[in-house]
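K.L.:
My questions all concern the structure below.
The values are calculated or read from the model by the stated rules, or taken from the named source; none is laboratory data. Bear in mind the structure is a predicted one, so any value in this text is a computation, not a measurement. Note that each Cβ is placed from the backbone with ideal geometry, even for glycine, and that neighbours are counted across all protein chains shown.
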C-alpha cells in the first residue's frame, strides 16, 4: 500500500531524497521532515551547496579528480613527485590513498573499471588520457591501484597492454595486503598505506 502524504510538496521532497543511494522511502521521509524543521537560512545554505557542487565543480584536466580549478591542487603542487602516477578507479580512492599520507605522487582517475556485465568498456574510461600522459615522457612509474576484483585485474591487464609501447616506464601494482574482492575506499588506512609502499612489479 502506498504511503499517504498530507502534502504534495512533502511527497515530492520525499521522492527527491529517495533518489539518493541507500536512502529508502522511510529514511527519505525523516530527512524531509528534518529539513522542514530547519531555519529557512539553513535550508537555503544546504540547497545552495548542492547547487554549486553540481554547477561549479570541475574535473582536473590532467588527472580527472574533482577540483575547484581547471587543474587540481595535487597536480599543481610543485612538491609532489610528478614522475609517478597512481591509477585509481574513482575520486573516493584518491581520498583514501591521500589519507594514508604514504604517497606523494600524482593520480589518474579512470572513472570506473572495465565491466562487460555492466556495459563498461575501455572506451568508457579515462585510459586514453593516461596513455597520452605517459607518451609525453615525464612519467617514470605507473602504479595500478585498483580493487582486488576480477574487474580490477582485467582493467590492470588492459592498461598494461596499452602501456607496453613504453618499456622505460615502470609498471607496478599495489601489494595484495588488500583482501581479494575488496575496494580501496573501504580498506583501512594502515593496510592501504603499506600496500602502496610495498608495491610490486606488475606481472602480466
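K.L.:
For the stretch 141-164, give me each residue that is in a loop (DSSP other than H, G, I, E, B) and more than 21 Å from residue 103 (Cα to Cα).
P.N.:
Taking the stretch 141-164 and keeping what is in a loop (DSSP other than H, G, I, E, B), we get 145-149, 163-164.
Within the stretch 141-164, 149, 163, 164 qualify.
K.L.:
Residue under question is residue 113, and the condition is that it be in contact with a strand residue (DSSP E or B) (Cβ under 8 Å, 6 or more places away or on another chain), assigned to a loop (DSSP other than H, G, I, E, B), in the same structural domain as residue 192 (by TED's automatic domain parsing) and surrounded by 13 or more Cβ atoms within 10 Å (Cβ to Cβ); does it hold? Let's see the steps before the verdict.
P.N.:
On the way: in contact with a strand residue (DSSP E or B) (Cβ under 8 Å, 6 or more places away or on another chain): yes; assigned to a loop (DSSP other than H, G, I, E, B): yes; in the same structural domain as residue 192 (by TED's automatic domain parsing): yes; surrounded by 13 or more Cβ atoms within 10 Å (Cβ to Cβ): yes.
In short, yes.
K.L.:
Kindly check whether there is at least one residue in the stretch 75-84 that is outside any loop (DSSP other than H, G, I, E, B), more than 21 Å from residue 152 (Cα to Cα) and modelled with pLDDT under 95. Reasoning before the result, please.
P.N.:
Taking the stretch 75-84 as the starting set, the residues that turn out to be outside any loop (DSSP other than H, G, I, E, B) are 81-84.
Add one more test, that the residue is more than 21 Å from residue 152 (Cα to Cα), and what stays is 81-83.
Narrowing the set further to residues that are modelled with pLDDT under 95 leaves none.
Within the stretch 75-84, not a single residue is outside any loop (DSSP other than H, G, I, E, B), more than 21 Å from residue 152 (Cα to Cα) and modelled with pLDDT under 95.
K.L.:
Is it the case that the stretch 173-192 has a residue that's surrounded by 13 or more Cβ atoms within 10 Å (Cβ to Cβ), touching a strand residue (DSSP E or B) at 6+ places or on another chain (Cβ under 7 Å), at pLDDT below 70 and assigned by TED's automatic domain parsing to the domain that holds residue 148?
P.N.:
Yes, the stretch 173-192 contains a residue that is surrounded by 13 or more Cβ atoms within 10 Å (Cβ to Cβ), touching a strand residue (DSSP E or B) at 6+ places or on another chain (Cβ under 7 Å), at pLDDT below 70 and assigned by TED's automatic domain parsing to the domain that holds residue 148.
K.L.:
Applying the selection to the stretch 36-70, what residues are free of Cβ contacts under 8 Å to residues at least 12 places away in the same chain, surrounded by 11 or more Cβ atoms within 10 Å (Cβ to Cβ) and under 27 Å from residue 85 (Cα atoms)?
P.N.:
Result: 59, 61, 67, 69.
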